[in-house]
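Heads up, the thing below is written out as structure tokens.
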Amino acid sequence: MKKIYIVGAGPGDPDLITVKGLTILQTADVVMYTDSLVNDELIAKAKPEAEVIKTAGMHLEEMVGVIVDRVNAGKTVARIHTGDPAMYGATMEQLALLKKEDIHAEVIPGVSSVFASAAAIGAELTIPDLTQTLILTRAEGRTPVPEFEKLRDLASHHCTIALFLSATLTKKIVKELQAAGWSDDTPIAVIQRASWPDQKIVRTTLINLDEDMRKNGIRKHAMILAGWALDPNIHDKDEYRSKLYDATFTHGFRKGVKPQ
């Protein structure tokens, strides 16, 4: 069976690729990657004789054509995607064209920028008795979103929201969240280039989001995390502690102790 590997590279730090992903990268005959997004330090881990192809300047058919040519020549091809391929990875159209060429793709998951961003600020995105839901989405820009996925409607759940690809749409974000009833003092964290050496973190509130991003010159490569789980002082509030480690809580591995 003819196949290629689509590998999640992680958010930027070359050490945040999975062990399986790194093994494939290091043994592939051909390594293709989006040079505007994937860290060159990671790609340098490919074997010395590997053919390394930058794809930022390629259109879809051109890129797939290269894959087909190399696979038909008996080469092992690794297509390296930023973050996790399942999140805004534009993999579906690649897979559709490869299927027509009878080429199968094995997808290796990666660390998404949303989780690298949460780690960068030490945040837990699901807090007991506060929010147990995380919505991964983006604001509507040049690419429309489906009718029932407008940001205002999603925000009506008042849970944690992670916004990909939305750094230039902060005015729209503020208006949509306000329309959904979010208070102006709702905590927001913006993480630009999470896990990269030049990572930048901006903590702000809904009403100040646009201005603070403007002052910090953030207009791309940024994750916007919004909701009360992002309160920097949430760790100090006892009412939001998990039941899992509560001494009185019984589960399959531990019997709870009644308070004296």
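The values are calculated or read from the model by the stated rules, or taken from the named source; none is laboratory data. None of the values given here were measured: they were computed from a predicted structure. With ideal geometry, Cβ positions are generated from the backbone for all residues, glycine too; neighbour counts draw on all protein chains shown. SASA here: full protein model, heavy atoms, side chains in, ligands and nucleic acids out. Shrake-Rupley method; radii C 1.70, N 1.55, O 1.52, S 1.80 Å.
Go through the range 79-129 and give me each residue that's open to solvent by less than 20 Å² (accessible area, probe 1.4 Å), under 25 Å from residue 195 (Cβ atoms) and hydrophobic (A, V, I, L, M, F, W, C).
Selection gives 80, 108, 114, 116, 118, 125, 127.
Across the range 25-60, which residue is surrounded by the most Cβ atoms within 10 Å (Cβ to Cβ) among those that are aliphatic (A, V, I, L, M) and farther than 22 Å from residue 97 by Cα?
It comes out as 38.
Taking the condition of being open to solvent by less than 60 Å² (accessible area, probe 1.4 Å), over 23 Å from residue 82 (Cα atoms) and outside any loop (DSSP other than H, G, I, E, B), how many residues in the range 182-212 meet it?
8
If we only count helices (runs of 4 or more DSSP H) wholly inside the range 64-165, which ones have 2 or more residues that are among the basic types (Lys, Arg)?
92-100
Would you check which residues across the range 96-136 are under 30 Å from residue 65 (Cα atoms) and over 20 Å from the mean Cα position of the chain (by Cα) and list them?
Listed by number, the residues that qualify are 96, 97, 98, 99, 100, 101, 102, 103, 104, 105.
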